[in-house]
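The values are calculated or read from the model by the stated rules, or taken from the named source; none is laboratory data. No experiment lies behind these values; they were computed from the predicted model shown. Positions of Cβ are generated from backbone atoms using ideal geometry, with glycine treated the same way; all protein chains shown enter the neighbour counts. Side chains included, ligands, DNA and RNA excluded: accessible areas come from the protein's heavy atoms. Shrake-Rupley method; radii C 1.70, N 1.55, O 1.52, S 1.80 Å.
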Amino acid sequence: MTAVLDATGLGKRYGRRRWGLRNCSFAIPPGRVVALVGANGAGKSTLLRLIAGLTRPTEGVVRIDGVPTHRREALARVAYVGQTKPLYDGFTVAEMIRFGAVTNPAFDQPGTADRLRDLGIPLERSVGRLSGGQRTQVAIALALGKRADVVLLDEPMADLDPLARPALLGELMATVEEHGCTVVLSSHALTELADVCDSLLLVNDGGLQVAGLIDDLVTGHRLLVGPVEAYAGTAGVVSARTTERQATALVQWRDEPVDPRWAVHPVTLSDVVLGYLRSPDATVAARPRQVPA
Ligand SMILES: Nc1ncnc2c1ncn2[C@@H]1O[C@H](COP(=O)(O)OP(=O)(O)OP(=O)(O)O)[C@@H](O)[C@H]1O
């Protein structure tokens, strides 16, 4: 497996003692759409900013095609849209597109203009007079227009309306298919992520807890529901919730017989993410096809 994006022992400390992210290692091949999930303050934006080369690692390294991202030559290969959109309020949308073309050698100027026209965004309007969602659309169109190998989007759907969200996800899929880039997308919208992402990075309290292909993670876990007495001795439990009489447990599934009192249910991406978030010390046992570096 050749990775377009890989990290080894990556960490970022803020000030003298607070680690935003630590011990982060993974390898992601080209053409993947990666869901980056985690609780508020877990370290998602820190990881994206490290990949974008906007902040230097305190320890370890993250590379695009083998080039550390804090090096200048990596800059053209990565596009980043943060939670604060990097736009100039005094420019019109058309001027922002021209600016993108002047500052990025491979920029797709006509394609970006067409995309924004299709979204109904007036190219002659100044950026400062766009709505929050329209600003997001412009920032994302500029990032995709850069034709970078790695596209990083930090909570891109947060201020998009219910029609714009699936449209954006469709656009991302089309871009990946056409250009083979890798997209890393942070979001709390787990159901929407499950529709488009094939890989998962889950950060929990500043550490990378889960990295893997979503299909493998979903087929590799089950929800067991049964009486609390069945819970004792159950193998592979990631996390469990119990009421007085009933237990619900997310387990790593090994296709082995379980106590017949359990009802066994398939899981969704949300079940897996919530199960690991509830249990920060749990690790994934088997990651057959996408192994962290
Ligand atoms: N510039 C900074 N200076 C000091 N601490 C910071 C800075 N940026 C982030 N942190 C801290 O690092 C940790 C990770 O923050 P980060 O923004 O990466 O989390 P996040 O997962 O993106 O959160 P959210 O989902 O709320 O956006 C938090 O504890 C945060 O307070």
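What number results when the radius of gyration of the chain, computed over Cα atoms, is divided by 2.2 N^0.38 Å?
1.09
Send over a whole-number figure in Å² for the accessible area per residue of region 5-212, probe 1.4 Å.
I get 43 Å² per residue for this part.
Express in % the proportion of alpha carbon pairs of region 14-161 at distances exceeding 19 Å.
56 percent
Just to check I understand the Karplus step: with θ = phi - 60° and J = 6.51 cos²θ - 1.76 cosθ + 1.60, what whole-Hz values come out for region 74-79, glycine and proline as x?
Using θ = phi - 60°, the values come out as 7, 4, 5, 8, 10, 10 Hz.
How large is ³J(HN,Hα), in whole Hz, for each residue of region 34-44 in order, when computed from phi with the Karplus curve 6.51 cos²θ - 1.76 cosθ + 1.60 and θ = phi - 60°, using x for Gly and Pro?
10, 8, 9, 10, x, 5, 4, x, 6, x, 5
When each pair of different Cα atoms in region 216-277 is counted once in the 1/r mean, what is the Kirkwood radius in angstroms, to one decimal?
When all Cα pairs of region 216-277 are included, the Kirkwood radius is 11.5 Å.
Would you kindly state the longest site-free stretch of the chain, with sites defined as trypsin sites (Lys or Arg not before Pro) in a DSSP loop (not H, G, I, E, B) surrounded by at most 15 other Cβ atoms within 10 Å?
That gives 126-244 as the longest site-free run.
Return the sequence-ordered ³J(HN,Hα) values of region 261-270 in whole Hz as given by the Karplus equation 6.51 cos²θ - 1.76 cosθ + 1.60 applied to θ = phi - 60°, using x for Gly and Pro.
Values per residue, Gly and Pro as x: 6, 7, 8, 9, 10, x, 10, 9, 4, 4 Hz.
Work out the length of the dipole vector of region 216-277 about its Cα centre, built from +1 on the beta-carbon of each Lys and Arg and -1 on the beta-carbon of each Asp and Glu, and round it to the nearest 20 debye.
120 debye
Given the DSSP H assignment, sum -39500 (n - 2.57) over each helix run of at least 4 residues in the chain and divide by its residue total; what's the result at 222 nm in deg cm²/dmol, nearest 500?
-8000 deg cm²/dmol
Long-range amide H contacts for residue 21: which residues qualify at under 5 Å (H placed 1.01 Å from N, peptide plane, sequence gap of 5 or more or a different chain)?
12
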